[in-house]
1. Please state which one of B:328, B:230, B:319 is part of a strand (DSSP E or B) and in contact with a helix residue (DSSP H, G or I) (Cβ under 6 Å, 6 or more places away or on another chain).
2. Checking the conditions here, which among B:233, B:245 is surrounded by fewer than 18 Cβ atoms within 10 Å (Cβ to Cβ) and at pLDDT 95 or above?
3. Quick one: would you say residue B:221 is touching a strand residue (DSSP E or B) at 6+ places or on another chain (Cβ under 8 Å), assigned by TED's automatic domain parsing to the domain that holds residue B:178 and in a strand (DSSP E or B)?
4. Which strands (runs of 3 or more DSSP E) sit wholly inside segment A:83-152 and have at least 3 residues that are under 23 Å from residue A:183 (Cβ atoms) and within 14 Å of another protein chain (Cβ to nearest Cβ)?
5. Just give me the residues in segment A:61-82 being touching a strand residue (DSSP E or B) at 6+ places or on another chain (Cβ under 7 Å) and away from chain B (no Cβ under 14 Å), in sequence order.
6. Which members of segment B:595-618 meet the condition of being within 11 Å of chain A (Cβ to nearest Cβ) and either surrounded by 19 or more Cβ atoms within 10 Å (Cβ to Cβ) or over 26 Å from residue A:334 (Cβ atoms) (or both)?
7. Please pick out the residue among A:128, A:107 that is out of contact with any strand residue (DSSP E or B) (no Cβ under 7 Å at 6 or more places or on another chain), closer than 30 Å to residue A:67 by Cβ and without any contact (Cβ under 8 Å) to a residue 40 or more places away in the chain.
8. Here is a check on your reading of the model: is residue B:431 assigned by TED's automatic domain parsing to the domain that holds residue B:489, within 35 Å of the chain's Cα centre (by Cα) and surrounded by 17 or more Cβ atoms within 10 Å (Cβ to Cβ)?
């Protein structure tokens with residue numbers, strides 16, 4: 001079990017000694033059962049940190065925000081605080097940090113990874129919880145071993161099988177403990193009797209091409225182009241999104257000619273063709289980078305099963321090249337590296 | 001942005017005009033925005049065609065030009081030069097390929113014409129955003145590297161030095177000379193191989209412009225044509241060639257005996273030895289693997305007896321960097337492994353030899369001092385069988401190719417045998433006799449008629465030992481009979497294959513290999529000595545089986561290519577190179593990994609392109625998810641414009 005007090009103590013110690021600028025973690029939410037992300041910069045606040053199956057968010061996203069703020073501070077000629085930031089990271093979150101490190105977006109010395117184990121289980125899908133009669137009024141969800149969650153409703157505690165509440169990506173998770181960490185709380189559980197990896201995408205692939213196209217046409221038609229999926233994704237850190245003309249980068253050096261000739265590969269209008277282009281481009285740009293934290297799918301207000309697009313490419317990467325995003329931040333990236341044992345000889 | 005574009009549509013005789021309505025293409029393109037001149041002509045590449053281009057630029061004040069014709073690999077340079085003559089930057093001229101990518105691959109005239117219009121229109125949209133770039137001038141290092149010190153490398157080095165260039169000649173073994181130094185006599189004139197080669201070897205050692213590095217290998221190469229940086233590793237040189245007096249005292253006391261690779265394993269040698277009396281550098285050499293004395297010194301006898309004090313066990317390998325402008329690869333051949341021809345008893349019976357072993361038997365510098373004796377019992381073989389195409393021309397089991405020299409050297413072997421053993425009988429099994437070359441056919445005929453060599457057209461199925469004889473079972477397809485010969489010796493004309501390490505040197509130098517493992521030339525007919533990488537040339541059998549005259553000719557050809565290259569003050573490098581759009585770059589370094597030319601590095605957390613190394617291949621553009629890198633004149637905006645033009649109704 002993760003000793004939350006020990007975690008709080010560790011965070012408080014880091015802040016007390018001034019070893020980190022801040023700790024990004026989870027605290028009790030103010031609305032409903034879910035924990036919410038928080039940033040603390042005083043040792044005293046460490047008491048508010050929590051770790052339970054409602055800590056859904058991939059906090060690596062906040063490292064991206066932090067770097068952007070640091071860069072902005074630098075352009076205003078402020079000397080940035082060079083100390084690292086600590087982050088509470090689940091298995092998937094630590095893989096996200098690994099990709100950011102691999103892509104030189106962060107330096108290893110700029111981040112302290114406080115790893116937390118999912119105890120062989122994972123985090124809940126709030127929709128699955130809400131769908132249960134007792135779930136609507138739950139005030140707490142806790143780990144109860146690998147196979148169950150303890151749900152507190154009023155004064156009553158009920159055990160619910162983990163499989164019934166776990167988020168889909170947690171069911172398919174291959175590494176429920178952060179391999180990349182500076183400190184690890186909880187046990188590393190490698191044996192998991194849950195779904196096989198890529199189960200959902202393999203099932204979806206079973207349909208005919210026409211049926212799949214009809215499904216995706218339906219989903220893309222519903223897309224609002226709110227860009228929540230992009231905003232929550234730790235890998236979507238490009239200063240300018242190539243499939244969105246609203247994020248064009250303007251610097252003092254940007255000429256009128258450049259502004260006039262900007263390419264709009266994809267229009268903003270939420271039509272099937274433009275939305276399909278947006279989602280497919282995003283999926284391809286995440287190939288070999290998506291660590292399947294499932295945040296895009298979780299935040300989608302119209303419930304588009306975005307994980308299927310990303311895990312499809314990760315499955316290809318894994319099966320063709322034995323490549324796993326975030327496995328090791330020193331590994332060469334999938335798309336830019338070539339190995340002699342590549343099965344395709346034409347590339348030589 | 002170009003506003004006055006000219007378009008020229010070529011008929012290419014009927015190559016294009018038979019399928020594509022070139023008049024219609026010209027009519028349609030004339031309607032496009034910014035197109036102020038449009039014309040079709042039967043052969044644009046002809047002198048009048050080019051003249052029309054030059055005139056049109058001047059008369060219409062063109063600031064951009066599209067030629068709709070054949071592939072840019074053929075005439076891009078022609079029209080860019082014409083463009084310059086007309087006063088327009090060559091980089092404002094683009095080719096729309098409506099032949100290879102349109103007329104040759106389509107049948108329907110209407111569809112082909114429509115496609116030709118779209119291809120041309122896309123090129124117009126692209127050229128309108130082309131920058132008038134200036135070629136990047138790069139200084140040239142006037143020095144060459146030759147890899148391999150066989151006859152090919154020696155000839156190249158001598159020719160280069162003769163032209164006043166400094167040459168670094170790198171050889172893996174302890175002497176130059178390669179396989180040719182092992183040969184006895186050479187066809188078709190039967191002059192002694194060492195006698196004709198050693199003057200060239202001496203010339204190498206005496207030439208002040210040639211820096212000879214034996215026992216050395218190329219570790220890595222970076223840079224580009226005109227400016228390569230080469231890392232060379234030289235093995236520890238325990239015997240100082242300057243001090244060695246060739247007295248032979250050291251090998252007398254050496255307790256080690258190992259098979260002598262320079263004698264094809266027919267004799268043994270010491271751990272300290274000299275490969276040949278004519279070795280260059282003229283020095284004994286110490287075989288690190290065989291020597292007992294190195295770390296810790298347990299023997300050291302040679303060091304004690306060496307009066308000259310030439311031996312030093314404390315020597316270490318050295319690695320150093322050199323700058324050169326061009327590289328010639330002459331890494332030669334090996335014979336196809338005897339172990340792969342078990343059906344001929346190779347490797348099993350001492351008296352089954354390969355061609356090079358037989359050369360050593362015939363050679364006065366070999367173990368038998370030129371007497372042909374059986375390795376097993378040192379008796380003179382009275383019946384000898386030569387088997388041609390041993391490993392060659394056998395795509396199912398061995399090498400698919402013809403090794404080219406075996407017909408000739410087998411005839412030579414048989415002739416030499418008869419000269420040594422006049423009362424003996426030589427038999428040759430052959431598939432065909434390939435004796436194309438000056439005096440070659442006459443040589444083969446002489447061996448048959450004058451020396452009474454019996455040629456049997458057919459293959460050998462098996463060789464086995466019985467009663468002290470090698471029984472050769474074969475077939476004579478001309479008489480249709482099975483043949484069985486009780487031979488005293490069998491010589492296999494082994495196939496020629498690329499020398500060991502050819503694949504590694506190809507990888508190190510980033511030059512291609514053919515399917516057969518020989519180094520690939522840039523064009524089989526028109527660029528036979530150029531590798532696929534600019535500034536790297538090929539010479540000798542590393543590029544394909546060849547005999548000595550052909551090797552020498554190719555070596556001189558490679559040298560002349562290098563001389564032409566290095567005679568320029570500076571080289572011009574295409575300016576269509578990658579360019580980073582700084583605000584978009586996040587420094588993920590994917591482009592750094594993807595660049596095959598090591599042209600991109602991170603500077604201040606952003607990608608930075610070395611324009612001289614960049615070849616404009618666009619691999620970086622392909623991997624950049626942020627669209628933060630572009631190739632000049634193939635920018636993403638231009639690609640977008642081209643796609644729009646093609647997709648427009």
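1. Working: B:230 fails: in contact with a helix residue (DSSP H, G or I) (Cβ under 6 Å, 6 or more places away or on another chain); B:319 fails: in contact with a helix residue (DSSP H, G or I) (Cβ under 6 Å, 6 or more places away or on another chain).
After applying the criteria, what remains is B:328.
2. Working: B:245 fails: at pLDDT 95 or above.
Only one candidate passes the filter, namely B:233.
3. Numbers: touching a strand residue (DSSP E or B) at 6+ places or on another chain (Cβ under 8 Å): yes; assigned by TED's automatic domain parsing to the domain that holds residue B:178: yes; in a strand (DSSP E or B): yes.
Criteria met by residue B:221.
4. Numbers: elements: A:85-89, A:111-116, A:138-143.
Ranges flagged: none.
5. In the first step, residues of segment A:61-82 are kept if they are touching a strand residue (DSSP E or B) at 6+ places or on another chain (Cβ under 7 Å); the result is A:62-63, A:66.
Those that are touching a strand residue (DSSP E or B) at 6+ places or on another chain (Cβ under 7 Å) and away from chain B (no Cβ under 14 Å): A:62, A:66.
6. We begin by selecting, within segment B:595-618, every residue within 11 Å of chain A (Cβ to nearest Cβ); these are B:595-596, B:600, B:602, B:605-607.
Hits for segment B:595-618 are B:595, B:600, B:607.
7. Details: A:128 fails: closer than 30 Å to residue A:67 by Cβ.
Among A:128, A:107, only A:107 is out of contact with any strand residue (DSSP E or B) (no Cβ under 7 Å at 6 or more places or on another chain), closer than 30 Å to residue A:67 by Cβ and without any contact (Cβ under 8 Å) to a residue 40 or more places away in the chain.
8. Values: assigned by TED's automatic domain parsing to the domain that holds residue B:489: yes; within 35 Å of the chain's Cα centre (by Cα): yes; surrounded by 17 or more Cβ atoms within 10 Å (Cβ to Cβ): no.
Considered against the rule, which asks whether it is assigned by TED's automatic domain parsing to the domain that holds residue B:489, within 35 Å of the chain's Cα centre (by Cα) and surrounded by 17 or more Cβ atoms within 10 Å (Cβ to Cβ), residue B:431 comes out as no.
The values are calculated or read from the model by the stated rules, or taken from the named source; none is laboratory data. Small disclaimer: the values here were computed from a predicted structure and weren't measured. Using ideal geometry, Cβ is built from the backbone for each residue, glycine included, and neighbour counts are taken over all protein chains shown.
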